Amino acid sequence: MNLRRDVFQAIADPTRRAILLLVAAQAMTAGAIAANFDTARPTVSKHLQILTECELLKQEQNGREIYYHLNPNKMKAIAEFLEHFRQFWDNRFNKLESIMKNYKPKK
């Protein structure tokens, strides 16, 4: 059975989110990414594998080094999905704000 990793499971992990933030600033090698964490390099490599399988990161070979880049198209798809929830909660909070403005405490 070939199970494809879910992008939301991938970004649920705080270490993977931190990796995405690092790579968003600039392309980095696995070693450079691992240097930012207090874990073993194979652990960081597993996180990179998951992020790559989910297409959140792209790999680019440059000589002997592999650089990891953020995939903005995949991040955009996540943002578009989450936008529906942001609108839902914005509407809810706007209604609550309206109620609170008109609220008069009993004395």
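The values are calculated or read from the model by the stated rules, or taken from the named source; none is laboratory data. Remember, predicted model here, so these are calculated numbers, not experimental data. No Cβ is skipped: glycine too gets one built from the backbone with ideal geometry, and neighbour counts run over all protein chains shown. Heavy atoms of the whole protein, side chains included, go into the accessibility calculation; ligands, DNA and RNA do not. Shrake-Rupley method; radii C 1.70, N 1.55, O 1.52, S 1.80 Å.
Tabulated data
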item: Protection proxy ranking, peptides 28-37, 98-107, 73-82, average beta carbon neighbours within 10 Å, highest first; result: 28-37, 73-82, 98-107
item: Length gained when the stretch Ala32-Glu53 is fully extended (0.36 nm per residue, less Cα-Cα span); result: 5.6 nm
item: Heavy atoms of Glu83 accessible to a 1.4 Å probe, total area in Å² rounded to 10; result: 60
item: Rounded to 5, the percent of DSSP beta bridges in the chain classed as antiparallel; result: 100
item: Förster radius 35 Å - calculated FRET efficiency between Phe88 and Ala25, Cβ distance, rounded to 0.05; result: 0.70
item: Under 25 Å between alpha carbons - lysine pairs in the stretch 8-107 that sit 8 or more apart or on different chains; result: 8
item: Accessible area (Å², per residue) of the stretch 8-107, counting only protein heavy atoms and a probe of 1.4 Å; result: 75
item: Arg41 accessible area, 1.4 Å probe, all protein chains in place, Å² to nearest 10; result: 130
item: Relative contact order of the stretch 43-97, pairs being alpha-carbon contacts under 8 Å that are 6 or more residues apart, as %; result: 20
item: Label-to-label distance, nm, for residues given as Glu80 and Thr15 (7 Å Cα→Cβ offset); result: 3.2
item: Mean separation of Cα contacts under 8 Å (6+ apart) over length of the stretch 16-67, as relative contact order %; result: 37
